[in-house]
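Asker: Would you mind keeping the following structure in view while I ask a few things?
The values are calculated or read from the model by the stated rules, or taken from the named source; none is laboratory data. Everything numeric here is computed off the predicted structure, so don't read it as measured data. Because the Cβ atoms are built from the backbone with ideal geometry, glycine has one as well, and the counts that use them run over all protein chains shown. In case anyone asks, the SASA skips ligands and DNA or RNA and just uses the protein heavy atoms, side chains included. Shrake-Rupley method; radii C 1.70, N 1.55, O 1.52, S 1.80 Å.
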There are 2 protein chains.
Amino acid sequence: MDANIRDIIFQYKDAIIDQWLVEIRKFRKEDSLQNITDTMYENTNREFADKLLSTVQNDNGEEEVLILFSERLIQLGWPLNYITRGLQEFRKITVTTLSKQEADYYKSMEFFQEIEDWIDSIVNILVNEYSGSWENTVFLQKMAL
Amino acid sequence: MDANIRDIIFQYKDAIIDQWLVEIRKFRKEDSLQNITDTMYENTNREFADKLLSTVQNDNGEEEVLILFSERLIQLGWPLNYITRGLQEFRKITVTTLSKQEADYYKSMEFFQEIEDWIDSIVNILVNEYSGSWENTVFLQKMAL
């Protein structure tokens with residue numbers, strides 16, 4: 001990721017995360033996440049946001065960190081749909097927050113595309129992990145039948 | 001979707017689809033789609049592009065058309081990862097193609113967000129269908145064990 005974008009995301013990370021935590025709560029009602037405790041729900045969301053931001057800080061470790069975290073989300077029964085919608089929302093809030101800054105760059109196509117590429121690569125890792133886990137379960141169950 | 005965007009996507013649909021068919025072939029190598037015939041592969045991709053464009057034309061029928069089509073993709077064993085990457089590519093090509101047009105609107109944040117919302121809603125429908133199908137398979141197998 002471009003170093004300037006990296007810096008500005010970090011500068012505004014608290015505003016982005018706070019706004020995201022508000023928006024993502026709206027999806028909880030529609031999903032199968034109503035049975036977990038509020039504390040567990042808030043902690044996992046906050047951890048997710050931290051992981052997303054850590055991928056900005058460190059390009060190299062991105063994939064490994066996200067794979068480990070997605071394994072935990074799968075074990076917790078967090079639905080993929082909640083994750084993909086959450087990532088879409090994170091992208092929107094990041095773009096909206098930064099586009100309010102003065103520099104024209106944060107209103108440009110290049111900026112949009114940098115943010116999109118970042119979130120797309122995370123979506124791809126998570127979709128891969130969830131698909132792989134499901135396929136594995138289906139395969140193991142088939143063997144047992 | 002905004003009527004002007006709808007019109008311009010339709011005006012450039014052949015260029016968008018042709019470019020998309022070129023780009024998406026690159027993913028085939030990495031996926032489990034190498035065993036199907038080239039004709040089947042090309043036809044399904046083309047049908048997918050047509051369905052995407054039909055969602056532009058008709059907001060109301062969007063969800064039903066996509067649910068039916070995703071059921072077919074699941075039966076054919078098309079991986080979710082291929083679909084989500086395909087949709088990301090479709091969004092990029094649509095934005096790049098239209099941003100070359102003269103009107104400033106096609107370089108604006110509002111335009112980007114309209115295209116993103118369109119593709120996001122399609123991603124959500126497909127992720128839901130794939131997740132539901134997997135969960136159902138796992139459930140049925142569990143019952144049989």
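Asker: Taking the condition of being open to solvent by 10 Å² or more (accessible area, probe 1.4 Å) and either in a helix (DSSP H, G or I) or over 16 Å from B:Thr44 (Cα atoms) (or both), how many residues in the stretch B:75-90 meet it?
Answerer: Count: 6.
Asker: Which of the following residues is over 23 Å from B:Phe112 (Cβ atoms), modelled with pLDDT under 90 and of a type in the set (D, E, K, R): A:Glu135, A:Glu102, A:Glu110?
Answerer: A:Glu135
Asker: Now for a separate question. Quickly run through the stretch A:44-83 and pick out the residues that are over 22 Å from B:Asn128 (Cα atoms) and small (Gly, Ala, Ser).
Answerer: Once the filter is applied, which keeps residues that are over 22 Å from B:Asn128 (Cα atoms) and small (Gly, Ala, Ser), the stretch A:44-83 yields A:Ala49, A:Ser54, A:Gly61.
Rundown of residues vs (1) within 10 Å of chain A (Cβ to nearest Cβ); (2) outside any helix (DSSP H, G or I); (3) open to solvent by 20 Å² or more (accessible area, probe 1.4 Å), yes/no style:
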position	(1), (2), (3)
B:Lys92	yes, no, yes
B:Thr96	yes, no, yes
B:Tyr105	no, no, yes
B:Glu110	no, no, yes
B:Gln113	yes, no, yes
B:Trp118	no, no, no
B:Ser121	yes, no, yes
B:Val127	yes, no, no
B:Tyr130	yes, no, no
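Asker: Another one. With (1) open to solvent by less than 30 Å² (accessible area, probe 1.4 Å); (2) out of contact with any Phe, Trp or Tyr (no Cβ under 8 Å at 6 or more places or on another chain) as the list, and A:Val56 as the residue in question, which single condition is left unmet?
Answerer: Against the list (1) open to solvent by less than 30 Å² (accessible area, probe 1.4 Å); (2) out of contact with any Phe, Trp or Tyr (no Cβ under 8 Å at 6 or more places or on another chain), A:Val56 comes up short only on (2).
Asker: Next up: If A:Leu87 satisfies every condition in (1) over 12 Å from the mean Cα position of the chain (by Cα); (2) of a type in the set (A, V, I, L, M, F, W, C); (3) modelled with pLDDT of 90 or more but one, which is the exception?
Answerer: (1)
Asker: So which residues in the stretch B:56-69 are in a helix (DSSP H, G or I) and out of contact with any Ser or Thr (no Cβ under 8 Å at 6 or more places or on another chain), if there are any at all?
Answerer: B:Val56, B:Gln57, B:Glu63, B:Glu64, B:Ile67, B:Leu68, B:Phe69
Residue-by-condition table, conditions (1) charged (D, E, K, R); (2) in contact with a helix residue (DSSP H, G or I) (Cβ under 7 Å, 6 or more places away or on another chain):
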{"position": "B:Ala3", "(1), (2)": "no, no"}
{"position": "B:Lys13", "(1), (2)": "yes, yes"}
{"position": "B:Asp18", "(1), (2)": "yes, no"}
{"position": "B:Lys26", "(1), (2)": "yes, no"}
{"position": "B:Lys29", "(1), (2)": "yes, no"}
{"position": "B:Ile36", "(1), (2)": "no, no"}
{"position": "B:Glu47", "(1), (2)": "yes, no"}
{"position": "B:Leu52", "(1), (2)": "no, yes"}
{"position": "B:Thr55", "(1), (2)": "no, yes"}
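Asker: Can you go through A:Tyr82, A:Tyr106 and tell me which one is touching a Lys or Arg at 6+ places or on another chain (Cβ under 9 Å) and within 27 Å of B:Tyr106 (Cβ to Cβ)?
Answerer: Being touching a Lys or Arg at 6+ places or on another chain (Cβ under 9 Å) and within 27 Å of B:Tyr106 (Cβ to Cβ) holds for just one of A:Tyr82, A:Tyr106, which is A:Tyr106.
Asker: How many residues, within the stretch A:63-81, are of a type in the set (Asp, Glu) and either under 20 Å from A:Ile24 (Cα atoms) or touching a residue at least 12 places away in the same chain (Cβ under 8 Å) (or both)?
Answerer: The qualifying residues number 2.
Asker: Can you name the residue in the stretch A:21-48 that is open to solvent by 90 Å² or more (accessible area, probe 1.4 Å) and part of a loop (DSSP other than H, G, I, E, B) and is also nearest to A:Asp120 (Cα to Cα) among such residues?
Answerer: Across the stretch A:21-48, the extreme among qualifying residues is A:Glu30.
Asker: A:Ile67 versus (1) over 26 Å from B:Ile93 (Cα atoms); (2) surrounded by 13 or more Cβ atoms within 10 Å (Cβ to Cβ); (3) within 12 Å of chain B (Cβ to nearest Cβ): which is the lone unmet condition?
Answerer: (3) is the only condition that A:Ile67 fails.
Asker: Considering each of B:Lys142, B:Lys100, B:Lys51 in turn, give the residue that is on the phi < 0 side of the Ramachandran plot and surrounded by 13 or more Cβ atoms within 10 Å (Cβ to Cβ).
Answerer: One residue alone meets the criteria, B:Lys51.
Asker: Does B:Gly86 satisfy the condition of being more than 10 Å from every other protein chain (Cβ to nearest Cβ) and under 24 Å from A:Asn128 (Cβ atoms)?
Answerer: Yes; evaluated as a whole, the condition is true for this residue.
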